[in-house]
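Here is the structure we will look at, set down as structure tokens.
The values are calculated or read from the model by the stated rules, or taken from the named source; none is laboratory data. Keep in mind that what you see is a predicted model, and the values were worked out from it rather than measured. Every residue, glycine as well, gets a Cβ built from its backbone with ideal geometry; the counts of neighbours run over all protein chains shown. These accessible areas exclude ligands, DNA and RNA; they are computed on the full protein's heavy atoms, side chains included. Shrake-Rupley method; radii C 1.70, N 1.55, O 1.52, S 1.80 Å.
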Amino acid sequence: MSNIFTPTNQKRLTNVAVVRMKKAGKRFEIACYPNKVMPWRNKVEKDIDEVLQTPAVFMNVSKGQGAKSDDLKRAFGTDNQKEICLQILAKGELQVTEKERQQQLESMFRDIATIVANMCVNPENKRPYTVTLIERAMKDIHYSVKPTKSTKQQALEVIKKLKETETFEIQRAQMRVRVSIPVRDIKKLKSKLKDIASKVEEERMDEGLEMVLLIDPGCFREINDLIQAETKGKGQIEMLNLKEMEEGDEKL
């Protein structure tokens with residue numbers, strides 16, 4: 001076992017990410033490599049040996065105090081240390097230094113701004129905002145990152161808060177879709193689709209009705225479910241692009 005885990009070493013470890021879990025009145029810890037816990041939880045990192053410094057459970061990582069077998073069985077129902085490590089890795093609390101926490105928050109702040117920039121446009125000219133501009137707007141509304149919530153959830157919160165301001169114009173980018181409906185279902189579906197869509201861009205008859213619609217991205221599933229239910233799987237919806245943009249802008 002490496003010297004950093006010997007009981008005689010009382011120094012605070014600086015190159016170890018500790019994940020902690022309290023269970024059955026005891027504290028259990030595992031030692032991980034820095035910056036590997038979140039990639040594992042997000043299923044980016046799949047090699048457990050790249051995450052755990054050692055497949056052992058500790059009462060105190062920095063003091064090298066290993067957990068007792070009886071305590072493990074009482075808390076987890078097993079003393080299989082690798083299995084317990086996986087449980088702690090999945091649900092335990094990641095201990096980070098103040099500097100690491102600040103870096104994590106700054107990274108999440110930019111990730112949230114990037115998502116907002118990808119999802120929204122300026123309603124006046126239909127052009128996307130830059131990430132830098134969204135970051136500035138987030139600072140103006142004093143948005144605080146919540147480490148326990150996903151960046152996508154927080155991006156939706158930011159969009160809502162920005163819409164409530166009087167100084168920043170923003171709206172969800174519209175999604176352009178093509179729907180195809182069999183002849184027999186046109187009468188019952190056409191008006192419903194027009195009610196849901198923001199705009200009907202094209203409409204033509206072939207073997208059935210084909211329409212190009214501009215919709216709010218949140219309506220995609222609603223329209224898909226409606227078409228599948230009413231046409232018994234014969235109708236189709238196809239996404240053409242994610243953003244409405246002015247000529248010359250890149251389309252996603």
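Just name the residue that is least open to solvent (accessible area, probe 1.4 Å) out of those in the range 112-121 that are touching a strand residue (DSSP E or B) at 6+ places or on another chain (Cβ under 7 Å) and part of a helix (DSSP H, G or I).
Step one: of the range 112-121, the residues touching a strand residue (DSSP E or B) at 6+ places or on another chain (Cβ under 7 Å) are 117, 119-121.
Among the residues that remain, those that are also part of a helix (DSSP H, G or I) are: 117, 119.
Working: A117: 6, M119: 34 Å².
Only one residue tops the list, namely A117.
Yes/no per residue for (1) in a helix (DSSP H, G or I); (2) open to solvent by less than 80 Å² (accessible area, probe 1.4 Å):
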residue: L94; (1), (2): no, yes
residue: R101; (1), (2): yes, no
residue: R110; (1), (2): yes, no
residue: P123; (1), (2): no, yes
residue: T132; (1), (2): yes, yes
residue: K139; (1), (2): yes, no
residue: T148; (1), (2): no, no
residue: K163; (1), (2): yes, no
residue: F168; (1), (2): no, yes
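Have a look at R184, R178 and point out the one that is of a type in the set (D, E, K, R) and touching an Asp or Glu at 6+ places or on another chain (Cβ under 8 Å). It would help to see each step written out before you state the result.
Numbers: R184 fails: touching an Asp or Glu at 6+ places or on another chain (Cβ under 8 Å).
Answer to the check: R178.
Of all residues in the range 177-199, count the ones that are part of a strand (DSSP E or B) and open to solvent by less than 50 Å² (accessible area, probe 1.4 Å).
5
Exactly one of these conditions fails for Q174: (1) open to solvent by less than 60 Å² (accessible area, probe 1.4 Å); (2) without any contact (Cβ under 8 Å) to a residue 60 or more places away in the chain. Give me its number.
Single failed check for Q174: (2).
Condition test on P7, is it touching a strand residue (DSSP E or B) at 6+ places or on another chain (Cβ under 6 Å), outside any strand (DSSP E or B) and either open to solvent by 80 Å² or more (accessible area, probe 1.4 Å) or modelled with pLDDT of 80 or more (or both)? Reasoning before the result, please.
Numbers: touching a strand residue (DSSP E or B) at 6+ places or on another chain (Cβ under 6 Å): no; outside any strand (DSSP E or B): yes; either open to solvent by 80 Å² or more (accessible area, probe 1.4 Å) or modelled with pLDDT of 80 or more (or both): yes.
Against the criterion (touching a strand residue (DSSP E or B) at 6+ places or on another chain (Cβ under 6 Å), outside any strand (DSSP E or B) and either open to solvent by 80 Å² or more (accessible area, probe 1.4 Å) or modelled with pLDDT of 80 or more (or both)), P7 does not qualify.
Just give me the residues in the range 221-241 being open to solvent by less than 70 Å² (accessible area, probe 1.4 Å) and either in a strand (DSSP E or B) or under 20 Å from K126 (Cα atoms) (or both), in sequence order.
Across the range 221-241, the qualifying residues are I237, L240, N241.
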